[in-house]
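Working notes, beginning with the structure itself.
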Amino acid sequence: MSTATQEHQARPAGTLTERRPLGDRGFQALALAAGILVLVILVLIAVSTSQQASSWFSTEGTKIFSSNWNPAANQFGVLAFIYGTAITAVIAIVLAVPVSVGVALLLTEVVPHRWARPIVYVIDLLAVVPSVVWGLWGILVFAPWFQQISTSIASGVTGVPVLGNLFGPPASGASFFTAGLILAFMITPIVTSLSREVIATVPRIDREGAYALGATRLEMIRGVVLPHSQGGIVGAVLLGLGRAMGETIAAALVIGSSATITSHLFAPGYNMPAVIANEFGEATGVFRSALMGIGVLLFVFTIVINVVARAVVGRSARRGRGT
């Protein structure tokens, strides 16, 4: 071993770090500044909106989580909106996730590449359709058609113990379920695209190894593809959940604008983004502060979902490395 090589290996790591090229150090400083800027913007958003909502928090106190929303009587409980946001988001996730993961597996594991490419283009185009277009299509085309179906379902399940409470009358074209369906249409392309990208990263040698051991395609998917991709798929699902909870225009057009808490999914309702979009223009004083407070709560819920998503993805990644 030469003397130069021995001296190079004997140098401490700190010396090598200090002698990095100027371009690397500049890029590190730029990336750090960008990350700090994002955090500063998030903090400023949280602080400014909280200040504008402070009068609502101080006036209502714990009553903000009541179900009484009556601006004429200065009652601003948001429980009905939180309920509507949760119900529509859950409906969207329950309907969209199986379809999204199924389509992603179909495009990566079943359909030949020359046939999968045009389908991928169509899915990517659906992902960028503006929300107002989905909302207008939902209220003008889908809601009238779906009202006939929901009325038939509601009359058919009347008196059934569980289904009657969920899908029984009243049945309206603009309802929790209609909003959940429209949100499912909107997040399906996003979850599909992200899941497809994650599934495509599964090493080819792992697939071939499963086939070499005599596994069928279904067994290969269950034993190799899904365990390797579960962290990314969960992240895609939670990202879709965040989109479903924060979607405004489409939900505002098809949810029905009724601040009620009911177990009937075909009944009209309201959610947090929709009430902000519909009533902010006419709000003043405490009413305006209450709508800003709803935005703060929605912001907090979104942050919590993102933190949970990071934790789930990190846990899945660690489990995969351990396996």
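The values are calculated or read from the model by the stated rules, or taken from the named source; none is laboratory data. For clarity, every value in this text was computed on a predicted model and none was experimentally measured. Here the Cβ is made from the backbone with ideal geometry for all residues, glycine too, and neighbour counts use every protein chain on show. With ligands, DNA and RNA removed, areas are computed over all heavy atoms of the protein, side chains included. Shrake-Rupley method; radii C 1.70, N 1.55, O 1.52, S 1.80 Å.
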Flagged in segment 42-76 as open to solvent by less than 80 Å² (accessible area, probe 1.4 Å) and either aliphatic (A, V, I, L, M) or under 24 Å from Thr178 (Cα atoms) (or both), in numbering order, are Leu42, Ile45, Ala46, Val47, Ala53, Ile64, Ser67, Trp69, Ala73
State all residues of segment 268-285 that are surrounded by fewer than 22 Cβ atoms within 10 Å (Cβ to Cβ), in contact with a Pro (Cβ under 9 Å, 6 or more places away or on another chain) and modelled with pLDDT of 85 or more; if no residue qualifies, say none.
-> Glu279
For residues in segment 6-36 being charged (D, E, K, R) and open to solvent by 100 Å² or more (accessible area, probe 1.4 Å), which is modelled with the highest pLDDT?
-> Arg25
Name the pairs whose Cβ atoms lie under 8 Å apart, with the first residue in segment 64-83 and over 14 Å from Ala283 (Cβ atoms), the second among the charged types (D, E, K, R) and open to solvent by less than 50 Å² (accessible area, probe 1.4 Å), and 6 or more positions between them or separate chains?
-> Gly77/Glu60
Number of the exception - Val254 against (1) under 15 Å from Ala127 (Cα atoms); (2) open to solvent by less than 10 Å² (accessible area, probe 1.4 Å) | (1)
Residue check for Ile261: outside any helix (DSSP H, G or I), in contact (Cβ under 8 Å) with a residue 24 or more places away in the chain, surrounded by fewer than 19 Cβ atoms within 10 Å (Cβ to Cβ) and among the β-branched types (Val, Ile, Thr) = yes
